[in-house]
């Protein structure tokens, strides 16, 4: 997908509505919009209030590709004989504008989960195909953000087709892929001047400085060693056992499957719920809150990396922000890193 | 591609297994001839079985690939879906997708003695391999074959018709035991691990394949170790709650291993390296 | 106050009067606190107490194993404790409620609205002033401007529940039913639409239920599979059902601490469902949850003079 970098262009703040209108004219365009706990991705319409969150929006980008509930197929039973109807492809955006680099990276982490052969999930894949992701670099990461600690970057390009870097008065717009160029070129924006490019570099430097350098710890190895560590007994105490962190996590992908009203659905599910692993016999392999919280962390920082080489976390900080108990993943991990074996 | 869309299959026969009928075997055949002809599986694999409108559950295929034209599933009535399945009759439709998961290492087992150790409905996933090994085309590839099978009571034994057939063979040692007998029971009384200790199979050139309730497995593993079996000589198959069966729904992992993809068949050697969350 | 609290807690732990002190410590984000489970006298030094303490700690009482527990108790915690004792869910002698005077807490969502979404990098309380600052801005105002509406007109339970009763508590004036009364003035259709919109936003993460000190069922209706009361389609009507069932289940038990609304990650506040039932209970049956451990349950209690004109 990625090839030789195209020339960056410059977009002024007041040109943004025109650009969005033009994009929406060419294909369904969704934008990061809204404030605080209601912010998320919605179809563009004129006058929409774009998100100005310091970090990512409250609702994730993943929800566009893996909605909270969706139909896997329809069925009807005629004279005792079932007839199955494959799910029709639901409304999908052609362009997403304003996604943060962490959210785009989360999609890249989820791609192999859904699309790894031999069991290719076309529901995910169908929406991922032919989408142009226009990302908004993070000028001022929020207090919950920690992307560098998990291999991300406030101006990261992974998974994006276009990266916009905020600078004084506008954005340096960098097409990153062929698809990104196809989105940018018709806008006929002027090339970014050297001083604007320099300003973009300064933005990146400031954002990186704010986030600090990643800790030099092999977290995967530490977690692997500490599965049975008594620290877990204390770490999980504050956890209420709700699914806020999983449902608003950009990389959590667990789901349940069930039949209702002539359709087979999949719906988000959470490893934080006791019923998640409960067998019909009554046996439950993960019996308590400790085991469940440990599973969630181990999956992200030990099991997923073992299979795919890097953690299933993009450091967006949503879980930090929304946890009713302020049980901060960052400090939990720091404590686990710190324990002596 | 929609990997969640099942193929339709017709129930050909329903065989009540236990006295209380809480376990039944369903013999099914795919509705479409090309699916029937193209469905290939290995002993130890499972399928996602649907009662359309009631849901879906992962169920091990208890028939063997050597039995052509149909599949068999032995199902214990436990949750919503299996209860709905128990209401099904011959001629009714099921949805089936699969086969999923790994399989018993039957090629690596060639030339070796095989000891099957099963409890209750745990015989269901092993039966596929037993049938496969005993098939005329395969039997000579394996050494001595023995089966230790137990259940709580005579009424809880499954595949009694199969046990009778196996009992008549002279190329197979079958030991059936129950925890508690009844007036009519003439056979052994005792727990599976006790029988195992008594028979004391020798570990040389032998593989054991075991499946049953967790407490049985626990003692069987201990006893096998005492008999000199190394963890790589002990093969088991696990049951976990699953939804998708294809490694996406995130439900059936034990550590970094997904039971639906990396299992359900594991050696004890592999299990020892995994968290005890099963 | 914080110094006294730390000293008292450390002493209780050192003397072995309790094995655990449940309180709050400073959180990891500006103006946030997090529960502290202090088991060593030294850990008591991390206790804090101010209007940013926003979780209801009484919800943890049923989860901890210690023989005796000291609970830092504002009126919210105390009312919940009264109900837990009344329902025999907690042995009263197991809990030392250290009452603290409370003049209300800060509502994070009210603060976010007042700051129109600007990011707080620093925040602190100086007496009754709240000082907040961001990248290129700083504001200072009385923290009561962002008071949690649940705190207005707070009720203090019977002092009998306290081991140490709070002194000098001045509950904020006002009416915690204000938003409820606004909704009451709407038409039934408007109210239904508002409820439905809230249900559409609800992710069914059950943070409200988990944060609630009175939601105590070992198995929630949402966990049932035979029958499954909530379907896999995540229809808003299912979400509405959950919230209605929860409200009915909390009838006469909800102590209106507002923990459910504060816990919600997407800003759904359905406190009014509980307030409707609270008002029914008080107007019809003179029932007030959370004040008297000897009171009879609203649902399940019967008096010959109960009004029952609604039956027939």
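The values are calculated or read from the model by the stated rules, or taken from the named source; none is laboratory data. As the structure is a computational prediction, the values presented were derived from the model and not from experiment. FYI the Cβ positions are ideal-geometry reconstructions off the backbone, even for glycines, and counts take in every protein chain you see.
Across region A:43-52, the number of residues qualifying as within 13 Å of chain C (Cβ to nearest Cβ) and either touching a strand residue (DSSP E or B) at 6+ places or on another chain (Cβ under 7 Å) or surrounded by 20 or more Cβ atoms within 10 Å (Cβ to Cβ) (or both) comes to 3.
Out of C:26, C:6, C:46, C:11, one residue alone is surrounded by fewer than 22 Cβ atoms within 10 Å (Cβ to Cβ) and within 20 Å of the chain's Cα centre (by Cα). It is C:26.
Only one entry of A:127, A:105 meets the criterion of being within 14 Å of chain B (Cβ to nearest Cβ) and touching a residue at least 60 places away in the same chain (Cβ under 8 Å), and that entry is A:127. Of the residues making up region A:55-99, those that are under 14 Å from residue A:249 (Cβ atoms), within 14 Å of chain C (Cβ to nearest Cβ) and touching a residue at least 60 places away in the same chain (Cβ under 8 Å) number 8. Looking at region C:184-195, is at least one residue within 12 Å of chain A (Cβ to nearest Cβ), touching a helix residue (DSSP H, G or I) at 6+ places or on another chain (Cβ under 8 Å), within 19 Å of residue C:273 (Cα to Cα) and surrounded by 12 or more Cβ atoms within 10 Å (Cβ to Cβ)? No, every residue in region C:184-195 fails to be within 12 Å of chain A (Cβ to nearest Cβ), touching a helix residue (DSSP H, G or I) at 6+ places or on another chain (Cβ under 8 Å), within 19 Å of residue C:273 (Cα to Cα) and surrounded by 12 or more Cβ atoms within 10 Å (Cβ to Cβ).
Before we move on, is residue C:273 part of a helix (DSSP H, G or I) and either modelled with pLDDT of 95 or more or farther than 19 Å from residue A:69 by Cβ (or both)? Talk me through it step by step, then tell me what you get.
Values: part of a helix (DSSP H, G or I): yes; either modelled with pLDDT of 95 or more or farther than 19 Å from residue A:69 by Cβ (or both): yes.
Considered against the rule, which asks whether it is part of a helix (DSSP H, G or I) and either modelled with pLDDT of 95 or more or farther than 19 Å from residue A:69 by Cβ (or both), residue C:273 comes out as yes.
For every residue, the table says whether it meets (1) under 17 Å from the mean Cα position of the chain (by Cα); (2) farther than 19 Å from residue B:14 by Cα.
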{"site": "B:42", "(1), (2)": "yes, yes"}
{"site": "B:48", "(1), (2)": "yes, no"}
{"site": "B:51", "(1), (2)": "no, no"}
{"site": "B:76", "(1), (2)": "yes, no"}
{"site": "B:83", "(1), (2)": "no, no"}
{"site": "B:88", "(1), (2)": "no, no"}
{"site": "B:91", "(1), (2)": "no, no"}
{"site": "B:104", "(1), (2)": "yes, yes"}
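Among the numbered conditions (1) without any contact (Cβ under 8 Å) to a residue 40 or more places away in the chain; (2) touching a helix residue (DSSP H, G or I) at 6+ places or on another chain (Cβ under 6 Å), the only one that residue A:211 does not meet is (1).
Among the candidates C:288, C:254, single out the residue that is away from every other protein chain (no Cβ under 14 Å), out of contact with any strand residue (DSSP E or B) (no Cβ under 9 Å at 6 or more places or on another chain) and within 30 Å of residue C:112 (Cβ to Cβ).
Numbers: C:288 fails: within 30 Å of residue C:112 (Cβ to Cβ).
Exactly one of C:288, C:254 is away from every other protein chain (no Cβ under 14 Å), out of contact with any strand residue (DSSP E or B) (no Cβ under 9 Å at 6 or more places or on another chain) and within 30 Å of residue C:112 (Cβ to Cβ), namely C:254.
Taking the criterion of being over 17 Å from residue A:166 (Cα atoms) and either buried (at least 22 other Cβ atoms within 10 Å of the Cβ) or touching a helix residue (DSSP H, G or I) at 6+ places or on another chain (Cβ under 8 Å) (or both), the residues of region A:97-111 that qualify are A:103, A:104, A:105, A:106, A:107, A:109, A:110, A:111. The sole residue among B:241, B:251 that is touching a helix residue (DSSP H, G or I) at 6+ places or on another chain (Cβ under 6 Å), surrounded by 15 or more Cβ atoms within 10 Å (Cβ to Cβ), over 30 Å from residue B:111 (Cβ atoms) and modelled with pLDDT under 95 is B:241. Just one of the numbered conditions (1) assigned to a loop (DSSP other than H, G, I, E, B); (2) free of Cβ contacts under 8 Å to residues at least 60 places away in the same chain; (3) touching a helix residue (DSSP H, G or I) at 6+ places or on another chain (Cβ under 7 Å); (4) crowded, with 17+ Cβ neighbours inside 10 Å is not true of residue C:307: (4).
Going by the structure shown, is residue A:130 at pLDDT below 95, surrounded by fewer than 23 Cβ atoms within 10 Å (Cβ to Cβ) and touching a strand residue (DSSP E or B) at 6+ places or on another chain (Cβ under 7 Å)? Taking the combined requirement at face value, the residue does not satisfy it.
Just to check your reading of the model, which residue among C:146, C:132 is free of Cβ contacts under 8 Å to residues at least 60 places away in the same chain and touching a helix residue (DSSP H, G or I) at 6+ places or on another chain (Cβ under 9 Å)?
On the way: C:132 fails: free of Cβ contacts under 8 Å to residues at least 60 places away in the same chain.
So the residue among C:146, C:132 that is free of Cβ contacts under 8 Å to residues at least 60 places away in the same chain and touching a helix residue (DSSP H, G or I) at 6+ places or on another chain (Cβ under 9 Å) is C:146.
Under the condition of being under 18 Å from residue B:127 (Cβ atoms) and in contact with a helix residue (DSSP H, G or I) (Cβ under 7 Å, 6 or more places away or on another chain), which residue from region B:70-110 is nearest to the other protein chains (Cβ to nearest Cβ)? Among those residues, the one meeting the criterion is B:76. Testing residue C:260 on (1) part of a loop (DSSP other than H, G, I, E, B); (2) within 14 Å of chain A (Cβ to nearest Cβ), one condition comes back false. Which one is that? In the conditions (1) part of a loop (DSSP other than H, G, I, E, B); (2) within 14 Å of chain A (Cβ to nearest Cβ), residue C:260 misses (1) alone. Tell me which residues, restricted to region C:23-45, are touching a residue at least 40 places away in the same chain (Cβ under 8 Å) and either more than 10 Å from chain A (Cβ to nearest Cβ) or in a helix (DSSP H, G or I) (or both). Those that are touching a residue at least 40 places away in the same chain (Cβ under 8 Å) and either more than 10 Å from chain A (Cβ to nearest Cβ) or in a helix (DSSP H, G or I) (or both): C:23, C:31.
Considering region C:86-186, the qualifying strands (runs of 3 or more DSSP E), each wholly inside and each with 1 or more residues that are at pLDDT 90 or above, over 18 Å from the mean Cα position of the chain (by Cα) and closer than 22 Å to residue C:47 by Cβ, run over C:95-99, C:122-126, C:129-133.
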